[in-house]
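J.: There's a structure below that I have some questions on.
The values are calculated or read from the model by the stated rules, or taken from the named source; none is laboratory data. Bear in mind that the values here come from a model prediction, so they are computed numbers and not experimental data. So basically every Cβ, Gly included, is an ideal-geometry build from the backbone, and we count neighbours across all protein chains shown.
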Amino acid sequence: MENQKKNPIHHRLLSHNGRMLAQLEPINGNQLLEMEFPPLKFIVEEWLPTGTYLNAGPPKSGKSFLMQQLGISVATGNPLWGFQTSKGRVLYFALEDTYKRLNMRLSSMQETYDLSNLHFITVAEKVKDGLLVQMNDYYERYPDTQLMIIDTVHHVREKPTGRNLYAEDYDLMAQLKTISDNHDVALILVTHTRKEEDDDPINMISGSTGMTGGGDGNFVLRRKKGAKNSATLTISNRDTPSFEFLLDFDDVTCQWNLANRDESNRESDPLINSLLLFLTDRFSWEGSATELLDELIEVEPYLSLTPATLVRRMNDLINTLSNKGIRFKTGYKGKNKIINLTYVIPV
């Protein structure tokens, strides 16, 4: 009697507590490097890509004015502090305000723009009671939505039990993060900071590291001691360099103005620097990713990339590269994939 052939291992199903599970089917590193993904989408160029973020600050520090100012910029497509915005619908959960207070705040900001893209809600369900269903439905009805702001996140979460604060915080962030992951929008959750000062502003955010680590980035607004209308906004994201903005609050317009952009606290990107050095004298270049990497390594020997990750990194940085004067696109010559670079000295 012939031996029966066993099914290949990847065709087997696994049983667990009465459920049938498929075996794990990973991809290898080479397959992953060959995959292409769309470039990072920015709601505010350079420092606010799509994703889920915490925006923290002490009570009465101007967090809501900052978020409303951001909402106005995105809703109207006007730059914020010189950074271009991606115009679209904004949904603002103003859960600590009334419509009367919002009306007064908008009036005090003296905006004369068309604000039909800026939408407010003052009452919301908690996450466990269906908020995510409502937010998903809203996006399906209004797919031009670019930004959602929940001010504050404490109004939509259950009171922590304290049994495992990290797990509860991380689970909350994971649930809310499905909104930005599924719809490619920016979701900002307003929260508070602790009273205790810390050298690292991120450590001042209220809650456990499940909150700060469960999202895609964190913003911290800190008023300067002895300076009523001055503050520092620290931005630390997974997919962008870090930023620190020095801001001044205008009591007349109720807006935060950029006092100084602290470049010393911004992480330098060796890829951008090497591209700028490479293109300074030639202004245009065309070739394969492998050829470009070989050229860049001559400029920056410590550049640690593969040809595939080089293309991915350049796609992620496409907006920043454009701001630096570097125009980047890919195409084909026959069957060969090529990169085309041009450099225009920024005015």
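J.: Kindly establish whether N218 is exposed (fewer than 15 other Cβ atoms within 10 Å of the Cβ), within 28 Å of L95 (Cβ to Cβ) and in contact with a Leu (Cβ under 8 Å, 6 or more places away or on another chain). Talk me through it step by step, then tell me what you get.
T.: Values: exposed (fewer than 15 other Cβ atoms within 10 Å of the Cβ): no; within 28 Å of L95 (Cβ to Cβ): yes; in contact with a Leu (Cβ under 8 Å, 6 or more places away or on another chain): yes.
In short, no.
J.: Please state which one of S86, S107, S64, S116 is under 28 Å from E168 (Cβ atoms) and assigned by TED's automatic domain parsing to the domain that holds T209.
T.: Working: S86 fails: under 28 Å from E168 (Cβ atoms); S107 fails: under 28 Å from E168 (Cβ atoms); S116 fails: under 28 Å from E168 (Cβ atoms).
Selected residue: S64, the only one of S86, S107, S64, S116 that is under 28 Å from E168 (Cβ atoms) and assigned by TED's automatic domain parsing to the domain that holds T209.
J.: Here is a further query. Check R157 against each of (1) of a type in the set (D, E, K, R); (2) modelled with pLDDT of 95 or more; (3) not in a helix (DSSP H, G or I) and name the one condition it does not meet.
T.: That leaves (2) as the condition not met.
J.: Ok, one more. Give the range 304-338 a look and list any residue that's of a type outside the set (D, E, K, R), more than 25 Å from the chain's Cα centre (by Cα) and more than 15 Å from L33 (Cα to Cα), or say none.
T.: Correct list: G331, Y332, G334, N336, I338.
J.: Quick test for you: out of D114, D137, pick the one residue that is without any contact (Cβ under 8 Å) to a residue 40 or more places away in the chain, part of a loop (DSSP other than H, G, I, E, B) and among the charged types (D, E, K, R). Write out each step before concluding.
T.: Details: D137 fails: part of a loop (DSSP other than H, G, I, E, B).
After ruling out the rest, the residue left standing is D114.
J.: On to the next question. So if I check each of S284, S242, which one is outside the structural domain of R101 (by TED's automatic domain parsing), among the hydroxyl-bearing types (S, T, Y) and either in contact (Cβ under 8 Å) with a residue 24 or more places away in the chain or under 28 Å from G214 (Cα atoms) (or both)? It would help to see each step written out before you state the result.
T.: On the way: S242 fails: outside the structural domain of R101 (by TED's automatic domain parsing).
Testing whether each residue is outside the structural domain of R101 (by TED's automatic domain parsing), among the hydroxyl-bearing types (S, T, Y) and either in contact (Cβ under 8 Å) with a residue 24 or more places away in the chain or under 28 Å from G214 (Cα atoms) (or both) leaves just S284.
J.: Conditions: (1) among the charged types (D, E, K, R); (2) touching a helix residue (DSSP H, G or I) at 6+ places or on another chain (Cβ under 7 Å); (3) under 21 Å from L80 (Cα atoms). R194 meets all but one. Number of the miss?
T.: If we test R194 against (1) among the charged types (D, E, K, R); (2) touching a helix residue (DSSP H, G or I) at 6+ places or on another chain (Cβ under 7 Å); (3) under 21 Å from L80 (Cα atoms), just (3) comes out false.
J.: Within 24 Å of the chain's Cα centre (by Cα), of a type in the set (A, V, I, L, M, F, W, C) and at pLDDT below 90 - does that describe any residue in the range 207-219? Spell out how you get there, then give the answer.
T.: From the range 207-219, those within 24 Å of the chain's Cα centre (by Cα) are 207-219; that's our starting set.
Among the residues that remain, those that are also of a type in the set (A, V, I, L, M, F, W, C) are: 211, 219.
So of that shortlist, the ones also at pLDDT below 90 come out as none.
No, every residue in the range 207-219 fails to be within 24 Å of the chain's Cα centre (by Cα), of a type in the set (A, V, I, L, M, F, W, C) and at pLDDT below 90.
J.: Among the residues of the range 11-53, what is the count of those that are of a type in the set (D, E), farther than 30 Å from V90 by Cβ and in a loop (DSSP other than H, G, I, E, B)?
T.: At the first step, the residues of the range 11-53 found to be of a type in the set (D, E) are 25, 34, 36, 45-46.
Now drop any that are not farther than 30 Å from V90 by Cβ, which leaves 25, 34, 36.
Filter once more, so that each one left must be in a loop (DSSP other than H, G, I, E, B): 25, 36.
Of the residues in the range 11-53, 2 are of a type in the set (D, E), farther than 30 Å from V90 by Cβ and in a loop (DSSP other than H, G, I, E, B).
J.: While we're on this one: Among the candidates T52, T85, which residue alone is more than 18 Å from H154 (Cβ to Cβ), among the β-branched types (V, I, T) and crowded, with 18+ Cβ neighbours inside 10 Å? Reasoning before the result, please.
T.: Details: T52 fails: more than 18 Å from H154 (Cβ to Cβ).
Going through T52, T85 in turn, the sole match is T85.
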